[in-house]
Structure formats: structure tokens, C-alpha cells
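The values are calculated or read from the model by the stated rules, or taken from the named source; none is laboratory data. Predicted model, so just to flag it, every value in this text is computed and none were measured. Cβ placement follows ideal geometry from the backbone for every residue including glycine, while neighbour counts extend to all protein chains displayed.
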Amino acid sequence: MRLRLPEERPTEPPTGYKIAHPVLSHDGARAGFTGVSLGGALPYGVLADASCVYGLRHTAPHRRCDCGFHCVHDLATAEALLCTAEHRSAALLEVSVLGRYIRFERGFRYARQRVRTATVGPCACGTVAAALADAGWGRPGWRALTPSCAGCVRGRTSLSLADFARLAGERLRVVAGAGNKIAGLDPPEGLGVPELTAEAALLQARLDWFQAQLARLGGQGPGGPPQG
């Protein structure tokens, strides 16, 4: 006799947590995410259906396959995944588990999901992220994005957090995180002299870069000779 797992019929979709890299389509018209493990080659939108990554025709998730979306039950478990070097620039996602799912000790494997909130980490320089910029790698047709402050964006393709949420659609909420604390989209209050000095230095570096680009293109930078 084959044992069957107990069926669950929740009144509301279960909540799960996972990490993924934000991505932007090559034409700049769509935004989404790409996973960090088995399904990483298949970017997905905020509201998406899973398919078998091995190309099999069964419905995901299948008991005898690894296909389907994956997430964990506990927020702290997902946050711990961000500690590894290859996942430092990934975003922390809060998702609604939709459709059929298989429950495991630490999480779900499931058929459909809606990403409700994406929390991005700080810029590589340590400043709270203000944008998502080209990370220098991607998938066919998609550019991976990494958190960046205004001073480190420079000339890279980038989106503000609000613009990424708008392109992704489905009422996605994107917030900037500082360490394990969600900082929101607004600048932190109560900055002291050292923090304000650092911000001013970043802005000056950004201005210097723009002036250098203008000079390279033959434009007239501040204090430079007039161009004939």
C-alpha cells in the first residue's frame, strides 16, 4: 500500500521566503528575478507559474522530480543564505505560495507564486542602496542587477527601486535594507557628521565622473576653456 501525504486546504496562501537576483530585460521593458540554484537559468516575473527545469511534461511540482518553485518557512533561514559570497547581491523575497505545493521540514516546493516584497541589500561600498545597477552578468535576454548607491552607479544601466517595482508590476514592493534592518526608500534620519561627510564625498565623486565624461566628449566642463 502506498502512503499518501496529508492534504492541506489553507484559507489563505502560505507565506514563504527565498533569495533571488533582480533582472532587467535587454530592452528595458520588463523586470523580474532569477533564482540562485536549480531554476536559475529561467528568470520569472512577480506572478509566475513553475515548469519542469528538465523539460519534462509533467505538472510542477512532481513528487519524483525537483521541479517547482522553492522557498523556506523561516525569514532568518533565508537571510542566512545571503551570507555566502555568491549571494551577497541577491534580494530577499517574501512570497505567497499559490497552487499545489509539497511541504517539507524547512519549506515548500510549489506550482505558482506571487512575490510580495523584495528587500535589496546595501551597495558594495556599504551605503544604503538607492538603485539597482547592471551587475556585469546575466542570462540570455536578461541583465542581472545589483544594489547600488547614487555615487557608485556611474555610467551603468540602472533603475531606481521605485522604477524596478513599476516595471515588475503586480503591486510589488521594493525596499532597501541596511544589514538585517529594513530602511525603506527614504533616507535614514538622524545622520551625524561622519555619515553626512561620507555622503558628500560620494556626491562629489559622482560629479567628478560626470565632468570627466564631458571633457572626454569635448564638452565644456566647469572652469574649462570654451570649445570652438
Of the residues in segment 121-135, those that are in a loop (DSSP other than H, G, I, E, B) and under 18 Å from LEU24 (Cβ atoms) come to GLY121, CYS123, ALA129, ALA130
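One line per residue, one yes/no per condition, for (1) without any contact (Cβ under 8 Å) to a residue 12 or more places away in the chain; (2) more than 14 Å from ARG139 (Cα to Cα):
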residue	(1), (2)
SER25	no, no
GLY39	no, no
SER51	no, yes
HIS58	yes, yes
HIS87	no, yes
Residue set ALA31, ALA60; condition assigned by TED's automatic domain parsing to the domain that holds LEU132, under 23 Å from ALA176 (Cα atoms) and not hydroxyl-bearing (Ser, Thr, Tyr); output residue ALA31
Tell me, which residue of segment 126-140 that is farther than 13 Å from ARG88 by Cβ and of a type in the set (A, V, I, L, M, F, W, C) is surrounded by the most Cβ atoms within 10 Å (Cβ to Cβ)?
LEU132
Of the numbered conditions (1) surrounded by 12 or more Cβ atoms within 10 Å (Cβ to Cβ); (2) modelled with pLDDT of 75 or more; (3) outside the structural domain of GLY40 (by TED's automatic domain parsing), ALA212 fails exactly one; give the number of that condition.
(1)
Of all residues in segment 141-155, which are over 19 Å from GLY35 (Cα atoms) and surrounded by 16 or more Cβ atoms within 10 Å (Cβ to Cβ)?
SER148, CYS149, ALA150, GLY151, CYS152, VAL153
Out of the residues in segment 85-113 that are of a type in the set (Gly, Ala, Ser) and not in a strand (DSSP E or B), state the one that is surrounded by the most Cβ atoms within 10 Å (Cβ to Cβ).
ALA90
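Sort out which residues of segment 87-146 are polar (S, T, N, Q), more than 13 Å from the chain's Cα centre (by Cα) and at pLDDT 95 or above, and write them in order of number.
Within segment 87-146, SER96, GLN113 qualify.
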Test set (1) in contact (Cβ under 8 Å) with a residue 60 or more places away in the chain; (2) assigned to a loop (DSSP other than H, G, I, E, B) - ALA118 fails condition number:
(2)
